[in-house]
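Data first, discussion second: the structure below is written as structure tokens.
The values are calculated or read from the model by the stated rules, or taken from the named source; none is laboratory data. This structure is a prediction, so every number in the text was calculated from the model and none was measured. Cβ: placed from backbone, ideal geometry, glycine included. Neighbour counts: every protein chain shown. Surface areas here come from the heavy atoms of the whole protein model, side chains and all, with no ligands, DNA or RNA. Shrake-Rupley method; radii C 1.70, N 1.55, O 1.52, S 1.80 Å.
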Amino acid sequence: MSILDIRVLGDPVLRKPTKPVATITDELRKLIADMFETMYAAEGIGLAAPQVGRTERITVVDVEGKKYALINPQILETSGSIDKAEEGCLSIPDIYGDVERPSEVTVRALDENGNEYELTANELLGRCIQHEVDHLDGRLFIDYLSPLKRKAVLSKWEKSKEEYPGYIRKVRTEERGEHHHENETEM
Ligand code: K2U
Ligand code: ZN
């Protein structure tokens, strides 16, 4: 498995809607394994295909050991209260902002063996799934900020983006989070 480069804000791939997967191949299963490894190395709890430069409708999440690969995810329902929480994004390093989202989400997806499943999640997993599915539609958490806050974070980003020539963030292995059992992908 490999740790992939992460694309950062400014790379057009982050704004392109992704394409549904027609056939789940071994190559896509390897991409999913590499996405988990990259996510852990970057100490994230979610990662979407556009963040590693791919246009397939695939995302991975691992929130407190609840680990899922979501292929062609569709949000079926959102419910509960609207909660505000601070979000960040591996593609917009060191930028944070408050985002309001429904507290509960029901999503239907395929796992990496092509089996369809439905998942209802709230709290951090629910928020993470919504954040990742947004990535697959070319949306980023900064789109939800107030115009004033968005202006502030974008001007901050103008400076820090110089650290990412070609809009590439190299994930160094010493950033690695604690060891995870990458090869056991529960579905
Ligand atoms: O998609 C990504 O960029 C990974 C996001 C996922 C996420 C953002 C906000 C809220 C929930 C999930 C994060 O950067 S992963 C970093 C992180 C770690 C622990 C808690 C929240 C965010
Ligand atoms: Zn993100």
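Of note:
- Applying the criterion of at least 3 residues that are among the polar types (S, T, N, Q) and open to solvent by 20 Å² or more (accessible area, probe 1.4 Å) to the strands (runs of 3 or more DSSP E) found wholly in the stretch 30-137 leaves 66-87.
- The stretch 117-140 residues that are charged (D, E, K, R), paired with ones that are in a loop (DSSP other than H, G, I, E, B) (beta carbon under 6 Å, 6 or more apart): Asp137/Pro17
- For Met35, the conditions (1) in contact (Cβ under 8 Å) with a residue 40 or more places away in the chain; (2) within 15 Å of ligand 2 (Cβ to nearest atom) are fulfilled apart from (1).
- Some residue of the stretch 1-24 being open to solvent by less than 30 Å² (accessible area, probe 1.4 Å), more than 16 Å from ligand 2 (Cβ to nearest atom) and of a type in the set (Asp, Glu): no
- Residue in the stretch 152-161 that is open to solvent by less than 80 Å² (accessible area, probe 1.4 Å), outside any helix (DSSP H, G or I) and not basic (Lys, Arg) present: no
- Matching residues, the stretch 125-163, being within 15 Å of Gln74 (Cα to Cα) and modelled with pLDDT under 95: none
- Extreme residue, nearest to Lys170 (Cα to Cα), among residues of the stretch 77-105 that are within 16 Å of the chain's Cα centre (by Cα) and among the aliphatic types (A, V, I, L, M): Leu90
- So Arg108, is it of a type in the set (D, E, K, R) and touching a Pro at 6+ places or on another chain (Cβ under 8 Å): yes
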